[in-house]
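The values are calculated or read from the model by the stated rules, or taken from the named source; none is laboratory data. Treat the numbers as computed from the prediction; the structure is a model and nothing was measured. Please note: Cβ atoms are built from the backbone with ideal geometry, for glycine as well, and neighbour counts cover all protein chains shown. We work out accessible area using only protein heavy atoms, side chains counted, and drop any ligands, DNA or RNA first. Shrake-Rupley method; radii C 1.70, N 1.55, O 1.52, S 1.80 Å.
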Amino acid sequence: MPYLVPDEDVVAIIDSPPTPAVSVSPDGRRLVLIHYESHPPIALLARPFLRLAGVRVDPDRRCRQRTLRLIGLTIVDVDSGVHRPVELPVGAAVSVPTWSPDSRRFVFTVDADDGVEPWIGDAATATARPLSRGLRVVDILTGGQLGGSAGPIRWSRDSSQLFALAVPADAAPLPAGVVEPHVQETAGKSSQMFTFQDLLTSAVDEDRFEALATTQLVRVDASTGAVTALGRPGLLRWFADSPDGRRLLVYVSERPFSFRVPCSRFPQRIEVWSASSGEVEHTVATLPVADEVPRHGVPMGPRNVEWEETEDATLLWLEALDGGDPTTAAEHRDLVMRWSLEDGGGSPAEAFRTRHRCLGWWDLAADGELLVLEHDRDRRWRTTTRVDVRDPSSASVVFDLSANDAYANPGLPLVERRADGRVLVIADGDAIFLRGTGATPEGNRPFLDRFDVVTGSKVRLHASPAGALEPVVALVGDDRGSVLVRRESTTEPPNFVVIAPGGGRRWITSFADPHPQLTGASKRIRTHHRPDGVALSGVLHLPPGHDPAVHGRLPLVLWAYPLDYGDADTAGQVRTSDQGFTRLTALMPVWFLLRGYAVLMDATMPVIGDPETMNDTYVEQVTSAARAHVDALDDDGIVDRSRVVVAGHSYGGYMTANLLAHTDLFAAGIARSGAYNRSLTPFGFQSERRNFWEAASVYDAMSPFRFADRLRTPLLLIHGAEDANPGTLTVQSERLFQALQGLGGVARLVLLPHESHGYLARESVLHVLAEQFAWAERWAPAG
């Protein structure tokens, strides 16, 4: 059938420009506003691509498949507020820019017909040009248009040069496609991986992957564009220059490839190269394919190898002490290794050990000091410790709290790239700056704190005022004395505002309300309890001007996504807000307000218990929560319980099918991109720690496919025809639909061409909205 199109009021909102993203210069004096299309044409997604090693590759451009189009850049001066658009080629699709450490220039890419072309911009003049004539880069292994530190181009520490992963001068031609059998063999390996998609399947795939992903590391003079090749071409995954600029840390993938895991788990070498010649100076590690990693575990050998930012050329990395297996008893789970390469380099040495799994660290401004983050899987606990790698006995705990405790969450440190290229936590003596969402029982109140890591004292520098949300973006202006926030309220669309030290405010942008017809819509946080006493919450939206006491009850769309918790107290915490702007985006359910429905957004469906066994009562817990939500709104005279539609995406879609199979609460359901047969995800899903053979009855009980004969409530199934998300293969929706079809159920299946797990193309999202409106009106009419 042709694509459906909803009424013009919906189309106009979909076509309204979104609030741009923002990138702040390292010195905080300029911003780049990054303009993008919310929904590109379906033709962009329809470009031919190859599925290779877990990556979707555009073979003509030697880049990752483009599913998003960034269409413009605007330089904004923080002090004056002047906006200057950067002139770009007509119709150009660009990447997120990366600032030079000295904040004078920025680099980004432009998608050309024959490849991905690097461009360099001047911040003072807001002009840009190609970096070097004929140079093309490859982003297959490093990430696509999102760019930044994960992209194929990086600035040198002194801002004079760039390093880039270029198409080799003698790039191998793409091997021709042939039809051949897909053969795999197992030889006793215990490879309990998630159901990865888009993997290699043949020798031709292997050759194509190598031909397309092979790159040549080059050094480019930022002023002249002169290009110097470094080392030999290879499958370069990641690189970074040392703080002193003399060496490069390089990750290189290599054969033999695997048909079982994506390229991020292929065999690899981690090496240190000379930044001037590309010669290999040291080999940090030679790692095998990581296809036998324990479930929820980590691979053996060095991982997270990084430069220590306060030293000239010292490496830090992690190594598991428990075999990488979180179920193995161990006094310490990880070892932090340190290797100084200065003065010819000595040998790696142990720096310290962590009791629990180390999730990483932040480099503090003081030499050798780190903020180290650990996670206790059994307790669901996170500990942040201040450690001097030269004297680990001086370690002191900075934060120690439940990973689920949103109310006590101190926030995350603000980090800066200094003019010398070093990336460090922003510091003021012993104090650092923490920003967080500020969860409270009344809703989120984003904040910025000045926190002393020695004394533990803190001063709140900024808190969202009553009636608004103001999450902190960055410290900006001279000496970073001002704060850039993204302000919004129930009546104000998001805009960027600079708050001066004295409290004065200066608006940087003035984006208009894209749908003023919703400005009067009511929304508020609702709280109630499950029968077992667990607190539940959600944000209730009512159509503009609707008063239930005057106008009567409404049909309801209940939107949810289950989450797991270790205890009832943290499960009941409020993690949302009713103070922000209701910006209608394509995949959210608040659109139903325009059609006369109430919407309970982000209705909590907590699953609580021992992490090893909590899913034993998954069905009971989500059905109890759903009933409590409906009962509370019915008791208050807000909704008509005979006209309630339950809906969700991914794990929320899976929840939707389960609720329809196990309750009679709903008039209809809308399930998008879910997984409905858990035997097709046999080595775990979400936070389930057991495999199918260890808990077959649980996998069975949690599979709505198993109970399709009980699923009598009308169900709309929507799925991307090219879903790449592990576990949610498109066949999941197809098989559930076929089961309902064979059993006499009422269902409708919508497969969206060229779409993956989330739907992006304009044609697709308009069709999804039209389908959802029609399904709800058919089974739970608002009129």
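These residues, GLU734, GLU350, go from largest to smallest accessible area, 1.4 Å probe, as GLU350, GLU734. From the square roots a ≥ b ≥ c of the eigenvalues of the alpha-carbon gyration tensor of the stretch 436-495, which class results: rounded (a/c under 1.5), prolate (a/b over b/c), or oblate? It is oblate, given that a/c is not under 1.5 and a/b is not larger than b/c. Using a probe of 1.4 Å on the protein chains alone, the accessible area found for LEU751 is around 70 Å².
Using only the C-alpha atoms, the convex hull of the stretch 423-559 corresponds to 191 Å³ per residue.
Solvent exposure of the chain amounts to 39 Å² per residue of accessible area, where only protein heavy atoms count and the probe is 1.4 Å. When all protein chains stay in place and ligands, DNA and RNA are ignored, the 1.4 Å accessible-area order of ASP205, ASP391, largest first, is ASP391, ASP205.
With a cut-off of 10 Å between beta carbons, the residues surrounding TYR618 carry a summed charge of -4, where Lys and Arg count +1 and Asp and Glu -1.
For the chain, the residue among LEU715, HIS296, THR509 whose Cα projects farthest onto the positive side of the dipole built from Cβ charges is LEU715.
A 1.4 Å probe, protein heavy atoms only, puts the accessible area of VAL293 near 10 Å².
Per-residue 3J(HN,Hα) values for the stretch 338-352, derived from phi via the Karplus relation 6.51 cos²θ - 1.76 cosθ + 1.60 with θ = phi - 60°, read 9, 9, 7, 9, 6, 6, x, x, x, 10, x, 9, 5, 9, 6 Hz in sequence order (x marks Gly and Pro). Sites listed here are trypsin sites (Lys or Arg not before Pro) in the stretch 85-188 whose DSSP assignment is loop and whose Cβ has at most 11 other Cβ atoms within 10 Å: ARG133. Magnitude of the charge dipole for the stretch 75-141, about its Cα centre and with charges confined to Cβ atoms of Lys, Arg (+1) and Asp, Glu (-1), is about 160 debye. Indicate, rounded to the nearest 5 percent, the antiparallel portion of the DSSP beta bridges found entirely in the chain. In the chain, DSSP labels about 85 percent of beta bridges as antiparallel. In terms of its C-alpha gyration tensor, the chain has a rounded overall shape, because the principal axis ratio a/c (a ≥ b ≥ c, square roots of the eigenvalues) stays below 1.5.
Dipole size of the stretch 674-783 about its Cα centre, with +1 on Lys/Arg Cβ and -1 on Asp/Glu Cβ: approximately 320 debye, rounded to the nearest 20. For the stretch 677-758, the share of accessible area belonging to carbon and sulfur comes to 52 percent (1.4 Å probe, ligands and nucleic acids excluded). Coupling constants for the stretch 104-110 follow from the phi torsions by the Karplus curve (6.51 cos²θ - 1.76 cosθ + 1.60, θ = phi - 60°), and in residue order they are 7, 9, 8, 10, 8, 10, 10 Hz; glycine and proline get x. TRP155 sits among other residues whose Cβ lies under 13 Å from its own Cβ, and their net charge, with Lys and Arg +1 and Asp and Glu -1, is +3. Note on ASP636: accessible area is roughly 90 Å² with a 1.4 Å probe, heavy atoms of protein only.
For the stretch 568-583, 3J(HN,Hα) computed residue by residue from phi via the Karplus equation (6.51, -1.76, 1.60; θ = phi - 60°) reads 5, 4, 6, 4, x, 6, 7, 10, 9, 8, 10, 9, x, 6, 7, 8 Hz, glycine and proline entered as x.
Expressed as a whole percent, how much of the Cα-Cα distance distribution for the stretch 169-291 exceeds 23 Å? Above the 23 Å cut-off, the stretch 169-291 has 43 percent of its Cα pairs. Charge dipole (Cα centre; +1 on Lys/Arg Cβ, -1 on Asp/Glu Cβ; no other charges) of the chain amounts to roughly 1220 debye.
Relative contact order of the chain, taken over Cα pairs closer than 8 Å and 6 or more residues apart, is 9 percent. Taking Cβ atoms as reference points and 14 Å as the exclusive limit, the residues near ARG129 contribute a net charge of -2, counting Lys and Arg as +1 and Asp and Glu as -1. Taking the Cα atoms of the stretch 565-651, the ratio Rg/Rh between the radius of gyration and the Kirkwood radius comes to 0.99. In the chain, helices alone account for a calculated mean residue ellipticity at 222 nm of -3500 deg cm²/dmol, with every DSSP H run of four or more residues adding -39,500 (n - 2.57). Over the stretch 343-474, all Cα pairs binned in 10 Å intervals from 0 give whole-percent P(r) values of 11, 36, 35, 13, 3, 1, listed from short to long. Take the solvent-accessible surface of the protein heavy atoms, probe 1.4 Å, and return the percent of it on the stretch 1-136 that carbon and sulfur atoms account for. Of all accessible area on the stretch 1-136, carbon and sulfur atoms account for 53 percent.
Mind ranking SER510, SER100, SER687 by accessible surface for me, highest first, 1.4 Å probe?
On the way: SER510 105, SER100 0, SER687 35 Å².
Ranking SER510, SER100, SER687 by accessible area, largest first, yields SER510, SER687, SER100.
Dipole orientation for the stretch 486-597: of the candidates PHE496, LEU540, TRP591, PHE496 has the Cα lying most toward the positive pole (charges on Cβ; Lys, Arg +1; Asp, Glu -1).
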